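Engineer: The structure follows.
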Amino acid sequence: MTTLLRLLLGAGPLLSLLVLSPVHGFHNATLPLVMWHGMGDSCCNPLSMGSIKKMIEEAIPGIDVLSLMIGKTVIQDTENGFFMDVNEQVSMVCSQLAQDPKLKDGYNAMGFSQGGQFLRAVAQRCPSPPMKTLISVGGQQQGVYGLPKCPGESSHICDWIRKELNSGAYTDIVQKHLVQAQYWHDPLNDDLYKKHSLFLADINQERVVNETYKKNLQLLDKFVMVKFLQDSVVDPVDTEWFGFLKTGQAKETETLQESVLYKEDRLGLAAMESAGKLDFLATEGDHLQFTDKWFNTKLVPYLR
């Protein structure tokens, strides 16, 4: 019987994960996998990312899996998911990947929650070594406007983050020192967002169209986006499929295909969809919760 994998990364205490059964008949992987964890988690927690790494290695014998550590220690890695400038994190990862000889011929990438959008920034900014397939698992591609549940081991940190976001997400000090502010997307203050967002407005081409970003993203063979249909962490959940709230109000949402970003093809997503490079997957469950059968059937084949 299929068992539910509760992968709410960083929501301590984390629940133990059941190991996926190996997928028989797969050949040894030709490409390594790079993973980036979500908010409140770390690269190597044995109950979260460490377990996922092990599951993938058992499902695809011979695959090299790199679970990114942002910092020199697991503690730094967790803290940096809250407080380190995202642009600096992306630069750090780009440098690490460029120096890894195992990745020189290309790699696949899987990002969980905020790690999904951060890896997209890597694809857009750092085409060497080449990322082949990007899987965003519950990633907030259009940012968030709300933080209903903040994953983390300390509730007072989450309470402080909410306070800072509500008091001034686009002030210089909050933008520079709070990760979640750097993908805070306020539809009621669109001009402030476009002018002061240090990270998201840049990678989503909100100010100017960076043709290099557009060209590099289209180098992907596949861009896979996973939405969790009962997500209580990401607000709005449409952002996991690159949709968002319509500008000027905070109730109605629009799909990626209805957005200016898509209609003007500012990021190349329309061209990618026409070429069959965009895959939109959905699963029942709350944020980062899925079954082993679903993972094996829907995600593992992208990593072969």
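Engineer: Restricting to bridges with both residues inside the chain, how much of the DSSP beta-bridge set is antiparallel, in percent to the nearest 5?
Structural biologist: 15 percent
Engineer: For the charge dipole of the stretch 213-252, defined by +1 on Lys and Arg C-beta atoms and -1 on Asp and Glu C-beta atoms about the Cα centroid, which residue among Thr247, Leu229, Tyr213 has the Cα displaced farthest towards the positive pole?
Structural biologist: Tyr213
Engineer: I would also like to ask the following. Rounding to the nearest 20 debye, state how big the charge dipole of the stretch 104-168 is about its Cα centre with +1 on each Lys and Arg Cβ and -1 on each Asp and Glu Cβ.
Structural biologist: So the dipole magnitude of the stretch 104-168 works out to roughly 200 debye.
Engineer: Also: Bin by bin, in steps of 5 Å, what percent of the Cα pairs in the stretch 172-244 do you find, going until the bin that has the longest distance?
Structural biologist: Going out from 0 Å in 5 Å bins, the stretch 172-244 shows 3, 14, 19, 21, 21, 16, 5, 0 percent.
Engineer: To continue, here is another question. Quick one: Karplus J couplings for the stretch 131-144, per residue in order, coefficients 6.51, -1.76, 1.60, θ = phi - 60°, nearest Hz, x for Gly and Pro?
Structural biologist: Along the stretch 131-144, the couplings run 7, 9, 10, 10, 10, 9, 9, x, x, 8, 5, 10, x, 9 Hz.
Engineer: For the stretch 143-291, restrict the atom set to alpha-carbon positions and state the Rg and Dmax in Å.
Structural biologist: Radius of gyration, then largest Cα-Cα span, for the stretch 143-291: 15.9, 46 Å.
Engineer: Here's another thing I want to ask about it. Can you give me the P(r) profile for the chain? Cα pairs, bins 10 angstrom wide beginning at 0, each as a whole percent.
Structural biologist: 6, 30, 38, 22, 4, 0
Engineer: Projected onto the charge dipole of the stretch 135-222 (+1 at Lys/Arg Cβ, -1 at Asp/Glu Cβ, origin at the Cα centre), which of Pro187, Leu165, Gln140 gives the Cα projection farthest towards the positive end?
Structural biologist: Positive-end residue among those listed: Gln140.
Engineer: What does the charge dipole of the chain about its Cα centre add up to, to the nearest 20 debye, if the Cβ of each Lys and Arg holds +1 and the Cβ of each Asp and Glu holds -1?
Structural biologist: For this selection, approximately 520 debye.
Engineer: I need the shape label for the stretch 223-266. Rule: rounded when a/c is under 1.5, else prolate if a/b > b/c, else oblate, with a, b, c from the alpha carbon gyration tensor.
Structural biologist: oblate
Engineer: Of the peptides 175-184, 157-166, 102-111, how do they stack up when ordered by the mean number of other Cβ atoms within 10 Å, highest first?
Structural biologist: 175-184, 102-111, 157-166
Engineer: If you don't mind, there's one more thing I want to ask. Indicate the gyration tensor shape class of the stretch 51-186 (rounded, prolate or oblate), computed on the Cα atoms with a ≥ b ≥ c the square roots of the eigenvalues: a/c under 1.5 is rounded; otherwise a/b larger than b/c is prolate and the rest oblate.
Structural biologist: prolate
Engineer: Next question, about the same structure. Past 19 Å, Cα to Cα: identify those pairs from Lys132/Lys214; Lys132/Lys215; Lys72/Lys104; Lys53/Lys102; Lys195/Lys277, in the order given.
Structural biologist: Lys72/Lys104; Lys195/Lys277
Engineer: Which of rounded, prolate or oblate describes the stretch 26-115 when judged by the alpha-carbon gyration tensor and an a/c cut-off of 1.5?
Structural biologist: oblate
Engineer: Add -39500 (n - 2.57) for each DSSP H run of 4 or more in the chain, then divide by its residues: what number comes out at 222 nm, to the nearest 500 deg cm²/dmol?
Structural biologist: -8500 deg cm²/dmol
Engineer: For a Förster distance of 25 Å, can you work out the FRET efficiency between the beta-carbons of Lys195 and His156, rounded to the nearest 0.05?
Structural biologist: 0.20
Engineer: In percent, how large is the relative contact order of the chain, given Cα pairs closer than 8 Å and 6 or more residues apart?
Structural biologist: The value is 21 percent.
Engineer: Would you mind checking which residues have amide H under 5 Å from Met35's amide H? H placed 1.01 Å from N; only 5 or more apart, or other chain.
Structural biologist: Under 5 Å from the amide H of Met35: Leu66, Ser67, Leu68, Met110.
Engineer: Which order do peptides 136-142, 43-49 fall in by mean Cβ count within 10 Å, highest first?
Structural biologist: 136-142, 43-49
Engineer: Under a crude label model (7 Å from the Cα following the beta-carbon direction), how far is Asn166 from Leu219 in nanometres?
Structural biologist: For Asn166 paired with Leu219, the spin-label model returns 4.4 nm.
Engineer: How far is it, in nm, from the label point at Ala271 to the one at Ser232 when both lie 7 Å from their Cα along the line to the Cβ?
Structural biologist: 4.3 nm
No value in this document is a laboratory result; all are computed from the given coordinates. Being a predicted model, the structure only gives us computed values, none of them experimental. Heads up, the Cβs are rebuilt from the backbone with ideal geometry, glycines too, and the neighbour counts pull from every protein chain shown.
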